Amino acid sequence: MHHKLTFKYFFQTLVCLVLISQTSCAEKQPLAAAKNLTVSEGFTNPIGFYDSEPTFSWELPVLENNKSQSAYQIVVASSLDLLSNNADLWDSKKQKSEQSTWIKYEGKSLQSRQKVYWKVKYWNQDGQASTWSAINTFELGLLNNSDWKAQWIGLDTKKEKLMGSQDNLIHRPQYLRKGFELSNDVTSARLYITAKGVFDVKINGKDVSDDVMPPGYTPYKERIETITYDVTNLIKSGQNAIGVELAAGWHSGRLGWMKSYWSDTETPKIICQLELTMKDGSKKVIVTDAGWKGTTNGPIRLSEIYDGETYDANLEMPKWTTTNFSDKNWKAVNVFPVEDKIRLEPKRHTTVKGKIELPTKEVIEKDGAVIFDLQQNMVGVPVLKVPMKKGETLKIRFAEMLSPDGSFYTDNYRTAQSTNYYTASKDGVIEWSPKFTFHGFRYVELSGYNTAVKPTKDWVTGLVQYSDFEENGTFTSSSAKLNQLQSNIVWGLRGNFFDIPTDCPQRDERMGWTADAQVFGPTSMFNADVYGFWASWLQSVRESQYDNGGIPWVVPDVLYNNKVSAGWGDACTIIPWKIYYRTGDTRILEENYEMMKGWVAYHKSVSKGYISSMGGFADWLQPLPANGNNKGDTSHSLIGTAFFAHSAKLTAQAAKVLGKTEEYNKYTKLYKSIAKAFDAAFFNENGKIKGVAETQTSYLMALAFDLLPESKQKNAQTNLLRKLSDADNHLRTGFLGTPLLSEVLDETGGIDLMYKLLFNETYPSWFYSINQGATTIWERWNSYSKEEGFNSQKMNSLNHYAYGAIGEWMYERIAGIAPLEAGYKVIEIAPQARQPLTSASASLNTPYGKVSSSWEIKNNEFQLNIVIPPNTSAKVIIPANSNEELLLNANIFKNNKNVKLINKSSSSFELLVQPGNYKFISKI
């Protein structure tokens with residue numbers, strides 16, 4: 001009996017020890033690795049990277065026991081071996097910190113061409129470590145002009161004296177090539193290239209990339225961006241050839257709607273440097289120099305951004321980018337040195353690419369031509385597969401809409417010809433797409449095709465082109481028209497983010513108008529991953545700033561008129577702050593802080609007693625202005641003073657974030673002084689506008705920018721509501737006032753009224769254009785109506801994103817996702833559900849991971865599904881009859897480690913929520 005008991009106790013003890021051991025081992029098992037590693041503004045494993053002082057970010061994986069980070073370690077090395085053994089560039093060591101975004105590199109200086117390897121591990125809130133992440137890399141481009149051994153080359157296209165339809169010099173596109181021989185196999189090949197113009201490059205007959213019109217659009221007198229391509233797989237031992245097509249693009253083409261903006265532009269040129277590492281370790285460099293040959297007698301006869309492209313297939317040069325081609329009759333190129341005053345720097349955001357293909361939905365034959373309807377206004381080029389006869393010329397025209405009689409409406413293209421021509425070299429189906437131009441269109445008209453063949457839908461496909469960013473958020477609701485508005489906003493973004501934020505994509509502008517950018521910036525950040533896009537454009541804004549601190553109307557500045565406008569120039573303070581608040585990256589403030597200060601100083605220089613005398617465009621395109629002016633009725637002085645105060649306040653906030661206490665105090669004092677002067681000049685003791693026109697926008701600016709003493713705010717709100725009521729609860733706001741409507745009404749308890757304004761069907765309203773068939777956001781509230789046709793003014797873009805700024809409110813208040821701390825470290829989920837909606841949902845990729853909010857009202861219940869990413873927390877406000885129980889994941893809610901009640905009113909529950917997935921149900 002004793003032995004049996006001893007064995008029994010021994011066996012039980014053994015089992016316990018095994019279980020304890022297994023539990024201990026499980027606790028020590030490392031966590032899953034960090035994911036979605038990026039450098040600087042969200043780049044993954046970039047090549048030709050611009051940033052030698054990068055920042056590092058990552059996301060924690062979604063795990064049950066991964067609520068937050070308590071520490072991290074980053075290692076950075078110049079090779080894989082060193083990364084594993086002894087990081088030679090930087091080892092952060094273990095840092096106790098929750099920070100998992102925008103961590104600054106603090107290692108050895110990095111050099112041009114250098115390839116850098118890095119990885120990260122983290123510790124969660126319980127001190128449990130993760131495995132090391134996958135190894136990521138970035139490879140720097142040529143950072144300095146001194147890195148370039150190549151020279152600029154090109155042909156003197158001015159000698160051809162080609163005159164375009166607008167009586168300005170047109171540069172014939174160039175074809176440039178060079179053959180070279182290699183006696184050894186290549187292990188690595190990098191092509192560094194850019195242009196004064198736009199280019200397409202091939203090596204040994206193969207495309208180097210699918211980039212569209214690189215290098216893009218910058219202030220060329222200051223900076224031209226360079227691009228790096230890995231061409232290792234295109235190079236072979238023996239004979240090789242490189243060929244470049246070069247066109248005018250933005251650099252040498254006509255820009256602007258008036259001849260006074262045009263100049264006798266510099267001839268387009270290219271520079272490229274092909275750096276090769278051979279199998280035996282030796283190096284070889286092929287550069288643009290006097291050894292290149294060129295011709296302008298190629299198939300692309302003309303190519304202009306505004307006017308389109310002309311192509312003659314009879315002049316095609318088969319295999320001209322291969323070794324099997326003789327260029328003995330080509331000309332020697334002209335050679336030009338690299339200028340010190342124009343910086344050559346790696347491109348700091350993604351190139352434009354063909355992103356989406358849109359099929360033709362309907363074919364309409366009319367007056368000897370045929371029209372292809374894509375049923376979506378878009379930006380890009382047509383891909384054509386059209387039967388033709390030898391020697392015939394196909395004419396390709398574009399329109400955003402058709403006139404009521406079915407004819408093409410092109411008045412709003414103004415002087416932009418926007419027409420392509422293709423001359424066939426043989427009978428049969430031609431397959432072609434223009435290369436160095438782009439168009440804004442829904443309809444494509446063809447004439448000159450083989451009329452013996454009946455047109456079919458597959459003749460035309462729309463290739464949608466925009467900067468190569470991905471979707472960042474989604475929004476949908478129970479309202480078909482609200483969903484169409486969301487679609488119009490997204491298509492407006494796609495159509496106008498063509499390397500820079502343009503005002504429109506179809507007429508003789510397509511420029512970086514600053515006010516359009518500043519009002520739409522926040523909405524764009526919800527819908528697309530465009531941090532790098534905005535950071536790059538802001539560099540151009542800094543480079544374009546006048547010596548007196550003024551900001552030009554458009555960036556890059558091609559107007560050179562030294563004119564400024566309130567609300568336009570303020571893009572330089574508003575956009576950096578808005579981006580900072582949505583990313584949490586202080587570097588966007590660091591980079592732009594001096595520019596912000598310079599702009600505030602300019603404001604001050606054109607003010608007397610803090611009251612602005614700055615002119616400009618005012619509340620541009622306000623509907624139904626009493627004065628009949630596109631600039632609207634709101635006082636220029638009031639607008640200038642309001643934005644003076646607002647920019648001073650934003651500069652103060654930036655100073656505070658950057659730890660500049662003295663300057664924070666200075667700009668805060670300035671803001672308060674301006675606000676006091678604004679109140680005294682424009683408001684009476686009853687909170688009513690005095691001395692200038694009383695408009696919705698005047699009250700909106702006073703309230704949104706916090707320019708009134710508390711004693712007048714209620715009366716000002718009442719006066720705003722009166723102005724809205726006078727307009728039958730319709731907006732009377734233009735570019736500057738419209739984005740403030742939702743903000744002010746939201747903060748003053750006017751959610752119901754904001755819903756009313758949003759869901760209005762009649763002019764002026766967002767749904768009015770939808771009721772007229774809009775598939776993008778329009779420039780005017782009444783660009784077209786089914787009853788009256790097109791607006792009589794030619795400045796009538798049907799793809800103009802400014803009024804799409806309402807998308808910010810749709811995400812933040814209808815769906816209910818907003819940052820409470822910069823970068824969504826703390827998130828607010830507080831959907832404002834109102835009729836006629838019964839449901840809405842949104843998702844957003846924050847710097848910490850995806851957050852989502854989806855609500856539905858059903859059977860007197862409010863159902864809310866949310867996802868909170870790791871390393872964040874959220875304040876969640878749920879509408880409810882709080883006398884009834886709140887359900888959490890199908891159980892009656894009780895405080896727990898993940899969800900805690902922090903406040904309860906008669907109409908809502910307010911909760912503090914830790915990362916995870918949750919479903920709440922409340923009675924309403």
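When the range 464-486 is examined, which residues are found to be open to solvent by 40 Å² or more (accessible area, probe 1.4 Å) and touching a residue at least 40 places away in the same chain (Cβ under 8 Å)?
Across the range 464-486, the qualifying residues are 468, 470, 471, 474, 476, 478, 481, 484.
Determine which member of the set 731, 757, 708 is aliphatic (A, V, I, L, M), open to solvent by less than 20 Å² (accessible area, probe 1.4 Å) and under 30 Å from residue 669 (Cβ atoms).
708
Rundown of residues vs (1) crowded, with 18+ Cβ neighbours inside 10 Å; (2) without any contact (Cβ under 8 Å) to a residue 12 or more places away in the chain; (3) within 38 Å of the chain's Cα centre (by Cα), yes/no style:
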site	(1), (2), (3)
852	yes, no, yes
866	yes, no, yes
871	yes, no, yes
881	no, no, no
887	no, no, no
902	no, no, yes
905	no, no, no
913	yes, no, yes
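Looking at residue 298, is it open to solvent by less than 20 Å² (accessible area, probe 1.4 Å), in contact with a strand residue (DSSP E or B) (Cβ under 7 Å, 6 or more places away or on another chain), part of a loop (DSSP other than H, G, I, E, B) and among the small types (Gly, Ala, Ser)?
yes
Out of all the residues in the range 245-254, which are crowded, with 24+ Cβ neighbours inside 10 Å and not charged (D, E, K, R)?
Answer for the range 245-254, where residues must be crowded, with 24+ Cβ neighbours inside 10 Å and not charged (D, E, K, R): 246, 247, 248, 249, 252, 253.
If you go through the range 489-502 one residue at a time, do you hit one that is touching a Phe, Trp or Tyr at 6+ places or on another chain (Cβ under 6 Å), modelled with pLDDT of 95 or more and closer than 17 Å to residue 620 by Cα?
No, that holds for no residue.
Could you list, ordered by first residue, the pairs with Cβ atoms under 8 Å in which the first is in the range 704-726 and in contact (Cβ under 8 Å) with a residue 40 or more places away in the chain and the second is assigned to a helix (DSSP H, G or I) and open to solvent by 50 Å² or more (accessible area, probe 1.4 Å), at least 6 apart or interchain?
704/743; 705/649; 706/649
Any idea which residue in the range 879-924 is modelled with the lowest pLDDT, counting only those that are over 25 Å from residue 66 (Cβ atoms) and among the hydrophobic types (A, V, I, L, M, F, W, C)?
924
Could you identify the single residue in 202, 236, 221, 206 that is under 17 Å from residue 342 (Cβ atoms) and charged (D, E, K, R)?
221
Which of (1) aromatic (Phe, Trp, Tyr); (2) surrounded by 21 or more Cβ atoms within 10 Å (Cβ to Cβ); (3) over 30 Å from residue 833 (Cβ atoms) is the odd one out, the single condition residue 546 does not satisfy?
Status for residue 546: all satisfied but (2).
Would you call residue 405 surrounded by fewer than 20 Cβ atoms within 10 Å (Cβ to Cβ) and in a loop (DSSP other than H, G, I, E, B)?
Criteria met by residue 405.
Among the residues of the range 675-690, how many are closer than 23 Å to residue 631 by Cα, in contact (Cβ under 8 Å) with a residue 12 or more places away in the chain and assigned to a loop (DSSP other than H, G, I, E, B)?
The number of residues fulfilling the criteria is 1.
Going through the range 633-656 one residue at a time, which ones are among the polar types (S, T, N, Q) and either assigned to a helix (DSSP H, G or I) or open to solvent by 10 Å² or more (accessible area, probe 1.4 Å) (or both)?
If the condition is that a residue be among the polar types (S, T, N, Q) and either assigned to a helix (DSSP H, G or I) or open to solvent by 10 Å² or more (accessible area, probe 1.4 Å) (or both), then 635, 637, 641, 647, 651, 653 are the ones that fit.
If I go through the range 96-155 residue by residue, how many of them are small (Gly, Ala, Ser) and within 22 Å of residue 65 (Cα to Cα)?
Final tally of qualifying residues: 7.
Considering the range 809-850 alone, what residues qualify as being of a type in the set (D, E, K, R) and without any contact (Cβ under 8 Å) to a residue 40 or more places away in the chain?
Within the range 809-850, 812, 850 qualify.
Only one of 451, 437 is more than 27 Å from the chain's Cα centre (by Cα) and either on the phi > 0 side of the Ramachandran plot or in a loop (DSSP other than H, G, I, E, B) (or both); which?
Only one candidate qualifies: 451.
Looking for whichever is touching a residue at least 40 places away in the same chain (Cβ under 8 Å) and assigned to a loop (DSSP other than H, G, I, E, B) here; the options are 670, 621, 589. Which one fits?
621
Any residue at all in the range 454-461 that is surrounded by fewer than 17 Cβ atoms within 10 Å (Cβ to Cβ) and not in a helix (DSSP H, G or I)?
The answer is yes, given that some residue of the range 454-461 is surrounded by fewer than 17 Cβ atoms within 10 Å (Cβ to Cβ) and not in a helix (DSSP H, G or I).
Considering each of 35, 28, 8 in turn, give the residue that is at pLDDT 95 or above and surrounded by fewer than 18 Cβ atoms within 10 Å (Cβ to Cβ).
Going through 35, 28, 8 in turn, the sole match is 35.
Just to be sure, is residue 97 in contact with a strand residue (DSSP E or B) (Cβ under 8 Å, 6 or more places away or on another chain), under 23 Å from residue 588 (Cβ atoms) and small (Gly, Ala, Ser)?
For residue 97, the condition - in contact with a strand residue (DSSP E or B) (Cβ under 8 Å, 6 or more places away or on another chain), under 23 Å from residue 588 (Cβ atoms) and small (Gly, Ala, Ser) - is met.
Find the strands (runs of 3 or more DSSP E) located wholly in the range 326-386 whose residues include 1 or more that are at pLDDT below 95, and list them.
Of the strands (runs of 3 or more DSSP E) lying wholly inside the range 326-386, those with at least 1 residues that are at pLDDT below 95 span 362-366.
The values are calculated or read from the model by the stated rules, or taken from the named source; none is laboratory data. Since we're looking at a predicted model, the values are computed, not measured. Note: ideal-geometry Cβ built from the backbone for every residue, glycine included; neighbour counts use all protein chains shown. Surface areas here come from the heavy atoms of the whole protein model, side chains and all, with no ligands, DNA or RNA. Shrake-Rupley method; radii C 1.70, N 1.55, O 1.52, S 1.80 Å.
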